[in-house]
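Below is one structure, written out as structure tokens; the observations come after it.
The values are calculated or read from the model by the stated rules, or taken from the named source; none is laboratory data. Here the structure is a predicted model, which is why all the values come from computation and not from measurement. Counting neighbours? That spans all protein chains shown, and the Cβs are built from the backbone with ideal geometry, glycine included.
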Amino acid sequence: GENVEQHPSTLSVQEGDSAVIKCTYSDSASNYFPWYKQELGKGPQLIIDIRSNVGEKKDQRIAVTLNKTAKHFSLHITETQPEDSAVYFCAASKKGSTLGRLYFGRGTQLTVWP
Amino acid sequence: DAGITQSPRHKVTETGTPVTLRCHQTENHRYMYWYRQDPGHGLRLIHYSYGVKDTDKGEVSDGYSVSRSKTEDFLLTLESATSSQTSVYFCAISESENQPQHFGDGTRLSIL
């Protein structure tokens with residue numbers, strides 16, 4: 001099956017700085033890559049996603065980039081704010097026999113210091 | 001927010017007892033999933049459903065069973081709970097295969 005690796009496991013930044021979280025995947029057939037934000041006591045919330053026919057996608061302060069050749073994708077958060085503090089998960093999936101099931105990275109605890 | 005309700009939100013029970021967790025959705029989505037979340041392991045898929053009465057196993061299905069008799073409800077059962085099943089359980093839904101999944105707020109289950 002698919003194997004998704006996520007780094008770093010913890011990340012601390014000063015408010016206003018940028019934060020970057022990186023993930024690699026093993027299955028070249030994977031074609032959908034979502035990112036989730038999880039706050040304490042809550043379920044993961046989808047914040048942005050990208051498909052393999054696109055190299056980059058932006059939504060305000062959040063962007064995701066995908067390098068299919070290298071099989072890695074990254075989450076970029078600019079102008080970080082204390083409310084960005086949370087655990088972030090990357091995931092990968094593909095169509096077919098796995099019925100689009102998501103394979104998750106182990107998460108990154110992001111702390112934004114005021 | 002996606003209309004997903006998990007119940008109960010918290011439960012403490014003893015080893016060997018049966019436990020059923022419920023996921024209820026109001027989105028009429030075809031796909032439903034059960035995950036467990038443990039420190040150091042992220043989210044792992046237990047079982048999923050691609051329609052009423054259509055279910056399949058995920059990567060950590062041992063000790064769990066599921067049922068889906070209606071589109072809106074997906075039940076996860078631990079037939080005889082063990083301490084290793086202490087975890088936070090999340091339900092997710094998606095409109096179709098390879099589409100965004102949306103999560104409920106989870107059930108924290110402690111087995112003593």
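In the set A:Thr69, A:Thr98, which member is surrounded by 15 or more Cβ atoms within 10 Å (Cβ to Cβ) and either part of a strand (DSSP E or B) or modelled with pLDDT under 95 (or both)? Exactly one of A:Thr69, A:Thr98 is surrounded by 15 or more Cβ atoms within 10 Å (Cβ to Cβ) and either part of a strand (DSSP E or B) or modelled with pLDDT under 95 (or both), namely A:Thr98. Of everything in the range B:45-84 that is surrounded by 13 or more Cβ atoms within 10 Å (Cβ to Cβ) and of a type in the set (Lys, Arg), the residue that is modelled with the lowest pLDDT is B:Lys57.
Residues in the range B:13-67 that are assigned to a loop (DSSP other than H, G, I, E, B), free of Cβ contacts under 8 Å to residues at least 12 places away in the same chain and within 11 Å of chain A (Cβ to nearest Cβ): B:Pro39, B:Gly40, B:His41.
Among the residues of the range A:59-109, the one identified as in contact with a Pro (Cβ under 7 Å, 6 or more places away or on another chain) and hydroxyl-bearing (Ser, Thr, Tyr) is A:Thr108. Within the range B:5-23, the set of residues being surrounded by fewer than 17 Cβ atoms within 10 Å (Cβ to Cβ), under 12 Å from the mean Cα position of the chain (by Cα) and not charged (D, E, K, R) comprises B:Thr5, B:Ser7, B:Pro8, B:Thr20.
Among the conditions (1) within 14 Å of another protein chain (Cβ to nearest Cβ); (2) touching a helix residue (DSSP H, G or I) at 6+ places or on another chain (Cβ under 9 Å); (3) surrounded by fewer than 17 Cβ atoms within 10 Å (Cβ to Cβ), the only one that A:Asp59 does not satisfy is (2). Would you confirm whether any residue within the range A:32-42 is small (Gly, Ala, Ser) and either under 10 Å from the mean Cα position of the chain (by Cα) or at pLDDT 95 or above (or both)? Within the range A:32-42, not a single residue is small (Gly, Ala, Ser) and either under 10 Å from the mean Cα position of the chain (by Cα) or at pLDDT 95 or above (or both).
Here is the figure for the range A:13-31: residues that are farther than 11 Å from A:Cys90 by Cβ and within 13 Å of the chain's Cα centre (by Cα) total 2.
Residues that are crowded, with 21+ Cβ neighbours inside 10 Å and facing another protein chain (nearest Cβ under 10 Å) were ranked within the range B:85-97; the one that is nearest to B:Val12 (Cα to Cα) is B:Phe90. Within the range A:41-61, residues that are part of a loop (DSSP other than H, G, I, E, B) reach partners that are β-branched (Val, Ile, Thr) with beta carbons closer than 7 Å, at six or more positions or on different chains, in the pairs A:Gly55/A:Thr65; A:Arg61/A:Ile77; A:Arg61/A:Thr78. Looking at A:Ile21, A:Ile50, just one residue is within 13 Å of another protein chain (Cβ to nearest Cβ) and crowded, with 17+ Cβ neighbours inside 10 Å, and that residue is A:Ile50.
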